[in-house]
Amino acid sequence: MPKVKVDGIELEVPAGATVLQACELAGKEIPRFCYHERLSIAGNCRMCLVEVKPGPPKPQASCALPATEGQEIRTDSEMVKKAREGVMEFLLINHPLDCPICDQGGECDLQDQSVAYGRGASRYHEHKRAVTEKYMGPLIKTTMTRCIHCTRCVRFSEEVAGVDEIGALYRGETMQISTYLEKAAAHELSANVIDLCPVGALTSRPYAFEARPWELKKTLSIDVSDAIGSNIRLDSRGREVLRILPRVNDDVNEEWLSDRARYMVDGLTRRRLDKPWLRRDGKLVAATWAEAFEAVAKINPGSAVAVVAGDLVDCETMFAAKKLAGALGSTLLEGRQTGLAYDFSNMAAVNFNSTLAGIEDADAVLIVGSMIRDEAPLLNTRLRKAVKKGAKVFIVGPQWDPTYPATFLGDDLAVLGNLPADVSDAFGAAQKPAIIIGGAALGKGALGAGLAFAEQFNLVRDGWNGFNVVHMAAARMGGLMLGYAQKGGIADLVAAKPKMVISLGADEVDFTRFADSMIVHIGHHGDKAAHAADVILPAAAFSEKDGTYVNTEGRVQYAEKAVFAPGDAREDWTILRAMADALGVSVGFDSFEQLRAAMVAEVPALGVEGLVDYGALPAGGGKAEGLIAGYPIKDRYLTNAIARSSPTLQRCSAELLHGETFAEAAE
């Protein structure tokens with residue numbers, strides 16, 4: 001490890017570190033625009049200049065200069081100060097005076113660094129250049145006159161997302177950043193360039209002119225649009241969440257977020273259930289809470305009660321419903337709404353055991369029945385890293401574009417029992433082999449065959465577990481831990497013919513199968529379940545309550561309440577507690593704290609933030625048969641009730657997936 005001096009501070013830095021990283025290890029702030037920790041080094045902006053001895057008597061770009069033994073680095077000399085002022089002066093030659101109307105105002109790197117490192121005045125009086133606007137789709141608003149050519153957006157698209165959609169045209173002062181042929185950026189991670197852009201060239205189109213950052217209350221939360229459990233921040237004003245931004249968590253989502261998770265925010269205020277409804281003479285009519293609970297009490301279902309948990313619910317809601325059903329004498333609980341039925345008696349067999357960060361180290365990966373780009377976009381970025389390190393990827397299922405080299409083995413699951421020689425050789429030689437089983441394969445009963453594959457190629461070895469199942473629902477792992485699964489899936493609930501079915505935001509269920517049951521829907525959006533319900537009890541969305549979520553790798557995480565639910569809507573656990581009173585049973589809790597304590601007492605793992613240890617893998621067995629005809633997600637933008645209520649995601653679906661065109665006002 002080389003030793004260097006930074007402003008007189010001597011320290012050791014890791015081999016291969018840059019001078020910029022050495023300065024940061026010494027606690028010195030180095031300004032930068034083009035450099036980003038997760039992207040390749042470009043050395044475009046020259047803002048990170050420092051003075052280095054031995055070396056030429058001039059400032060050098062610290063982001064592109066390796067740290068070597070004996071270097072003396074100065075970050076605060078007069079030469080460095082003057083050089084940074086000159087760079088900032090050049091950057092501002094053509095930058096427009098847009099700060100009062102720019103959405104980046106208040107969180108703009110150019111603003112901050114021009115104040116900290118720039119001159120007090122400009123010496124230029126020439127006309128500024130202007131750049132024609134580019135259309136990058138319904139999510140990204142462009143003002144390319146502000147662009148400083150840092151190329152972060154270009155490098156993100158190529159290196160992280162794996163989609164060569166953004167690039168540079170022309171050279172010198174005529175250089176422009178654009179999507180090729182000015183088409184919309186259509187991949188599932190496109191809006192991350194908004195966070196990366198250090199100026200106001202790329203901003204959020206739906207959020208344009210909505211708010212300034214200092215007006216917003218920031219709340220830490222967890223994304224519920226898929227099972228990755230991305231760490232997010234909810235920015236709210238008053239009773240409305242205005243935007244969703246990613247938080248940094250290297251173990252989960254790094255600092256990226258899928259477009260679906262980011263832009264379903266405007267669905268939180270639309271199509272909301274804000275008062276109770278009762279079905280009378282075949283029509284839903286508005287009611288009071290007292291009338292709704294009276295209708296529930298009249299059912300008098302006894303033990304003939306079933307609970308179906310939706311994809312977005314938190315563990316506390318599921319536990320409260322479980323206690324209510326248990327008090328009534330029922331164990332009919334299910335969370336796999338679309339009919340999946342697999343053995344969950346050993347949770348290690350339905351977990352992503354390699355962990356999201358760990359899968360980057362795999363050197364041979366078999367994906368069975370999962371279109372990962374739609375089901376878990378941020379897992380796909382991890383697999384890209386594995387491929388860059390030399391991993392070989394094989395896929396069983398219909399073809400899709402994984403954004404990295406992969407070999408498709410057809411869509412017949414029988415291939416698991418008769419692997420081609422090149423696949424067997426790759427897994428036989430692999431140090432860290434892995435299999436990823438998706439929902440399409442689970443639906444065909446491939447779990448046992450996947451476990452047999454794990455035994456055959458020794459996927460579990462010292463310090464490595466390569467057996468993985470990737471789920472699509474934020475509530476799935478928590479629901480399985482709480483017992484929300486029947487041996488035969490939702491078919492067991494149908495066969496039991498319950499008098500009352502409690503839907504916890506279960507909008508993907510075919511309720512025609514419960515034609516003889518009274519359906520009580522506890523949910524937050526007027527989606528599919530609300531149309532089938534006999535009683536609707538308005539509940540809180542994920543942003544309107546505290547909650548515990550478990551992601552697909554078994555990581556327990558906590559979300560916080562950002563705003564209050566609209567109208568007469570209430571938090572889910574309070575509704576279930578009131579239902580218990582109406583039905584004349586006791587559930588054993590009267591507050592959220594008591595509820596969470598009871599849940600942790602029953603499932604201790606839910607009380608510890610972090611990865612759950614599910615133990616050893618069970619033995620596998622059986623043959624996988626059948627063709628995988630398609631993948632569960634048909635429209636990546638409209639996968640849940642909140643997303644289907646979002647005008648932004650509706651437009652993304654129409655324009656980016658179905659090719660519809662939208663005329664602008666001037667057209």
Legend entry - Rounded to whole Å, sorted largest first: equivalent-ellipsoid semi-axes of the range 104-225, Cα gyration tensor: 25, 22, 13
Legend entry - For the chain, calculated [θ]222 nm from helices alone, where every DSSP H run of n ≥ 4 adds -39500 (n - 2.57): -6500 deg cm²/dmol
Legend entry - Cα-derived Rg over Rh, computed across the range 546-645 with Rh taken as Kirkwood radius: 1.07
Inset, instruction - Could you calculate the FRET efficiency of R513 with A616 from 1/(1 + (r/R0)^6), where r is the beta carbon distance between them and R0 is 56 Å, rounded to 0.05? - result: 0.90
Legend entry - Distance histogram for the range 285-444 (every C-alpha pair counted, 5 angstrom bins, percent rounded to whole numbers): 2, 7, 13, 15, 16, 11, 7, 7, 7, 6, 4, 3, 1, 0
Legend entry - Simple label model, 7 Å out from Cα along Cβ direction - K389 to N418, nm: 3.5
Legend entry - Whole-Å distance, taken between Cα centres, linking the range 142-158 and the range 598-612: 44
Inset, instruction - With a point put 7 Å past each Cα toward its Cβ, work out how far A578 is from V460 in nm, to one decimal. - result: 4.7
Legend entry - Whole-Å semi-axes of the range 338-395's equivalent ellipsoid (Cα gyration tensor): 23, 13, 10
Legend entry - log₁₀ of I(q)/I(0) at q = 0.12, 0.19, 0.28 Å⁻¹ - the range 122-182, Debye sum with one point per alpha carbon: -0.33, -0.75, -1.38
Inset, instruction - Taking every Cα atom in the chain, find the radius of gyration and the maximum pairwise distance Dmax, and write them in Å. - result: 27.4, 88
Inset, instruction - For the range 42-88, compute Rh as the Kirkwood radius over C-alpha pairs and then the Stokes-Einstein diffusion coefficient at 10 °C and 1.306 mPa s; write the answer in µm²/s, rounded to an integer. - result: 146
Legend entry - Computed magnitude of the charge dipole of the range 606-661 (debye, nearest 20; Cβ of K, R +1, Cβ of D, E -1): 180
Inset, instruction - List the trypsin sites (Lys or Arg not before Pro) within the range 144-251 that fall in a DSSP loop (any state other than H, G, I, E or B) and whose Cβ has at most 15 other Cβ atoms within 10 Å. - result: R171, K183, R239
Inset, instruction - Kindly give the semi-axes, whole Å and largest first, of the ellipsoid equivalent to the range 61-174, taking each as the square root of 5 times a Cα gyration tensor eigenvalue. - result: 28, 22, 14
Inset, instruction - With a probe of 1.4 Å, find how much accessible area the chain has per residue, and write the answer as a whole number in Å². - result: 40
Inset, instruction - Name all residues of the range 40-55 having a backbone nitrogen under 15 Å from the label point set 7 Å from the Cα of E72 along its Cα→Cβ direction, giving them as ranges. - result: 51-55
Inset, instruction - With a cut-off of at most 16 other beta carbons within 10 Å, and DSSP calling the residue loop, which chymotrypsin sites (Phe, Trp or Tyr not before Pro) in the range 121-181 qualify? Please list them. - result: Y124, Y135, Y170
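Can you list which of the GluC sites (Glu not before Pro) found in the range 182-246 are DSSP loop residues with at most 16 other C-beta atoms within 10 Å?
Values: sites: E182, E188, E210, E215, E240; in loops: E188, E210.
Qualifying residues, ordered by number: E210.
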Legend entry - Percent RCO, i.e. relative contact order, over the range 534-667, from Cα pairs under 8 Å lying at least 6 residues apart: 17
Legend entry - Gyration tensor (alpha-carbon) shape descriptor, the range 2-61, a/c threshold 1.5: oblate
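Taking 24 Å as the cut-off for C-alpha to C-alpha distance, list the pairs among K323/K487; K3/K53; K283/K323; K389/K623 that go past it.
The answer is K283/K323; K389/K623.
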Legend entry - Separation in nanometres of the label points that stand 7 Å from Cα toward Cβ, at S303 and A15: 6.8
Legend entry - Rel. contact order, % - alpha carbon contacts under 8 angstrom, at least six apart, the chain: 15
Inset, instruction - Distance between Cα centroids, the range 265-332 to the range 1-45: provide it in whole Å. - result: 56
Inset, instruction - Give me the percent of the accessible area of the chain that comes from carbon and sulfur atoms, probe 1.4 Å, all protein chains in place. - result: 51
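For a Förster distance of 45 Å, can you work out the FRET efficiency between the beta-carbons of Y124 and T661, rounded to the nearest 0.05?
For Y124 and T661, the calculated efficiency is 0.60.
The values are calculated or read from the model by the stated rules, or taken from the named source; none is laboratory data. All values reported here derive from a predicted model rather than from experimental measurement. Glycine gets a Cβ as well: all are built from the backbone with ideal geometry, and neighbour counts include every protein chain shown. These area figures cover heavy atoms from the full protein model, side chains too; ligands, DNA and RNA do not enter into them. Shrake-Rupley method; radii C 1.70, N 1.55, O 1.52, S 1.80 Å.
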